[in-house]
Amino acid sequence: MTDSLSQNEICSAFKDDQIYPPDLTTPDWQNLDYLGWINPSGHLAYLVVVSPDTGRLTSSTLHRAPRGSLIPRYEMCSWCPHLHGNDGTAMFTLDVKGSSGRHLIGEVLCKNLDCSLRIRDLVDPPSYMVESSYPNARIWRMQKSMYRWLKRRIVCNLVPVFQSEFT
Ligand SMILES: [Zn+2]
């Protein structure tokens, strides 16, 4: 995504949230498509990406809900798409811009937001579904899924259904 980010850059990307920035000495910046981390509480997550349109940092605060199940099952991340065993994914939701939390969009993602490393096979355990496509093609596909989802928060139709009857 970029060479590296400073703590100030990350904090200034978030406007009014009290965030807990991650340890910035550990990320492998060359292998990150985005910087994502989980709040210590576990129910919030933060995402910082460089916008492909403007080249500026874009921040998002996500709500995270575990997808625990008593029945063991496979779960696939919508971005990577890494196939996990049980309890490897979480439901992340995002407020649609301008809706004040009334409209949400959701996506099932790797629960630790480590898709960048998983798509490059840098994290254990490996996916239960082995892909034969080129790594660059997989990375491109993941970035496309991520940007498409993040753009949906802006372009979702917020016009009331019956508005045309009153105008
Ligand atoms: Zn993933």
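Quick look at the numbers
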quantity: The stretch 112-123: number of residues that are assigned to a loop (DSSP other than H, G, I, E, B), within 9 Å of the ligand (Cβ to nearest atom) and charged (D, E, K, R); calculated: 1
quantity: Any pair with Cβ under 9 angstrom, 6 or more apart, that starts in the stretch 126-142 at a residue that is assigned to a helix (DSSP H, G or I) and ends at one that is away from the ligand (no atom under 15 Å from the Cβ) and modelled with pLDDT of 85 or more; calculated: ARG141/SER133
quantity: Test: residue in the stretch 127-134 that is aromatic (Phe, Trp, Tyr), within 16 Å of the ligand (Cβ to nearest atom), farther than 30 Å from ASP3 by Cβ and surrounded by fewer than 18 Cβ atoms within 10 Å (Cβ to Cβ); calculated: yes
quantity: Test: residue in the stretch 78-100 that is over 18 Å from the mean Cα position of the chain (by Cα) and on the phi > 0 side of the Ramachandran plot; calculated: yes
quantity: Residue pairs meeting the criteria (Cβ under 7 Å; at least 6 apart or on separate chains; first on the phi < 0 side of the Ramachandran plot, in the stretch 37-50; second charged (D, E, K, R)); calculated: ILE38/ARG64; HIS43/ARG64; LEU44/ARG64; ALA45/ARG64
quantity: Residues of the stretch 102-111 that turn out to be in contact (Cβ under 8 Å) with a residue 12 or more places away in the chain, more than 11 Å from the ligand (Cβ to nearest atom) and not aliphatic (A, V, I, L, M), as a count; calculated: 2
quantity: Matching residues in the stretch 50-77 - criterion: being touching a Leu at 6+ places or on another chain (Cβ under 8 Å) and among the β-branched types (Val, Ile, Thr); calculated: VAL50, THR58, THR61
quantity: Test: SER69 is surrounded by fewer than 20 Cβ atoms within 10 Å (Cβ to Cβ) and more than 15 Å from TYR147 (Cβ to Cβ); calculated: yes
quantity: Residue that is farthest from the chain's Cα centre (by Cα) [pool: residues in the stretch 32-59 that are at pLDDT 90 or above and closer than 17 Å to ASP3 by Cβ]; calculated: LEU32
quantity: Residues satisfying the stated conditions in the stretch 65-83, i.e. of a type outside the set (S, T, N, Q), near the ligand (Cβ under 10 Å from one of its atoms) and closer than 19 Å to TRP37 by Cβ; calculated: CYS77, TRP79, CYS80, HIS82
quantity: Qualifying residue in the stretch 87-95 (condition: modelled with pLDDT under 90, within 18 Å of TRP149 (Cβ to Cβ) and small (Gly, Ala, Ser)); calculated: no
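The values are calculated or read from the model by the stated rules, or taken from the named source; none is laboratory data. It should be emphasised that the depicted structure is a prediction, and the values quoted were computed from it without experimental measurement. Neighbour counts run over all protein chains shown; Cβ positions are idealised from the backbone, glycine included.
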